[in-house]
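Visitor: Submitted below is the structure of interest, expressed as structure tokens.
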Amino acid sequence: MQDPNCLFCKIIAGKIPSKKVYEDEHVYAFHDIAPWAPIHFLMVPKLHIPSMAQITPENSALMGHLLALAPKLALEQGCRPYPEGGYRIVTNTGAEGGQEVHHLHFHVMGGP
Ligand code: 5GP
Ligand code: ZN
């Protein structure tokens, strides 16, 4: 369920190097190559899903798993705890949503 032409599928497969934050059977997380914040990593499903626009109820468990991991990984990466600290979770969707890489990903950004 990978797209051979997809940048993030190549990263998940290890064909393009990345700085890994976390990996399990369904999710891969890695540092963004051009961070917008002191802490900035991306969380992606290993399944090639182009964007949030393709998400259906069948993906509910995967989305729940991925989003439930985000707070844990954010703290592990150095984001300070809520409410003084915190982070942003952003998913750009489509051209007018600012999406450049068409493999669903969640930006997790934080730090002072
Ligand atoms: P989008 O604009 O699609 O929401 O975000 C794509 C993100 O992927 C950008 O923040 C960009 O810096 C990041 N990115 C693009 N190419 C690479 C790469 O080869 N490696 C890593 N680690 N991040 C990348
Ligand atoms: Zn992909």
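The values are calculated or read from the model by the stated rules, or taken from the named source; none is laboratory data. Predicted model, so just to flag it, every value in this text is computed and none were measured. Note: ideal-geometry Cβ built from the backbone for every residue, glycine included; neighbour counts use all protein chains shown. The protein model used for the area step is the full one, side chains on, heavy atoms only, and it has no ligands, DNA or RNA in it. Shrake-Rupley method; radii C 1.70, N 1.55, O 1.52, S 1.80 Å.
Visitor: In this structure, is residue 101 more than 16 Å from ligand 2 (Cβ to nearest atom), of a type in the set (Val, Ile, Thr) and under 16 Å from the mean Cα position of the chain (by Cα)?
Guide: On the way: more than 16 Å from ligand 2 (Cβ to nearest atom): no; of a type in the set (Val, Ile, Thr): yes; under 16 Å from the mean Cα position of the chain (by Cα): yes.
No; evaluated as a whole, the condition is false for this residue.
Visitor: Mind listing whichever residues of region 75-112 are within 16 Å of ligand 1 (Cβ to nearest atom), among the small types (Gly, Ala, Ser) and either open to solvent by less than 50 Å² (accessible area, probe 1.4 Å) or on the phi > 0 side of the Ramachandran plot (or both)?
Guide: 94, 97, 98, 110, 111
Visitor: For residues that are without any contact (Cβ under 8 Å) to a residue 40 or more places away in the chain, among the hydroxyl-bearing types (Ser, Thr, Tyr) and within 12 Å of ligand 1 (Cβ to nearest atom), tally how many sit in region 14-63.
Guide: So the count comes out to 2.
Visitor: Out of (1) surrounded by 15 or more Cβ atoms within 10 Å (Cβ to Cβ); (2) under 20 Å from residue 25 (Cα atoms); (3) out of contact with any strand residue (DSSP E or B) (no Cβ under 7 Å at 6 or more places or on another chain), the odd one out for residue 60 is which?
Guide: Here residue 60 meets the rest and fails (1).
Visitor: Residue check, residue 49 against (1) closer than 24 Å to residue 85 by Cβ; (2) over 11 Å from the mean Cα position of the chain (by Cα), all met but one. Which one?
Guide: So residue 49 meets the others, but not (1).
Visitor: Could we say that residue 82 is without any contact (Cβ under 8 Å) to a residue 40 or more places away in the chain and within 16 Å of ligand 2 (Cβ to nearest atom) here?
Guide: No; evaluated as a whole, the condition is false for this residue.
Visitor: Kindly indicate whether any position in region 43-51 is of a type in the set (A, V, I, L, M, F, W, C) and open to solvent by 20 Å² or more (accessible area, probe 1.4 Å).
Guide: Yes: one or more hits.
Visitor: For residue 38, all conditions in the list (1) out of contact with any Gly (no Cβ under 6 Å at 6 or more places or on another chain); (2) open to solvent by 30 Å² or more (accessible area, probe 1.4 Å) hold save one; what is the number of the exception?
Guide: Going through the list (1) out of contact with any Gly (no Cβ under 6 Å at 6 or more places or on another chain); (2) open to solvent by 30 Å² or more (accessible area, probe 1.4 Å), residue 38 breaks only (1).
Visitor: Take residue 16 and decide whether it is more than 8 Å from ligand 2 (Cβ to nearest atom), more than 28 Å from residue 80 (Cα to Cα) and either polar (S, T, N, Q) or surrounded by 11 or more Cβ atoms within 10 Å (Cβ to Cβ) (or both).
Guide: Spelling it out, residue 16 is indeed more than 8 Å from ligand 2 (Cβ to nearest atom), more than 28 Å from residue 80 (Cα to Cα) and either polar (S, T, N, Q) or surrounded by 11 or more Cβ atoms within 10 Å (Cβ to Cβ) (or both).
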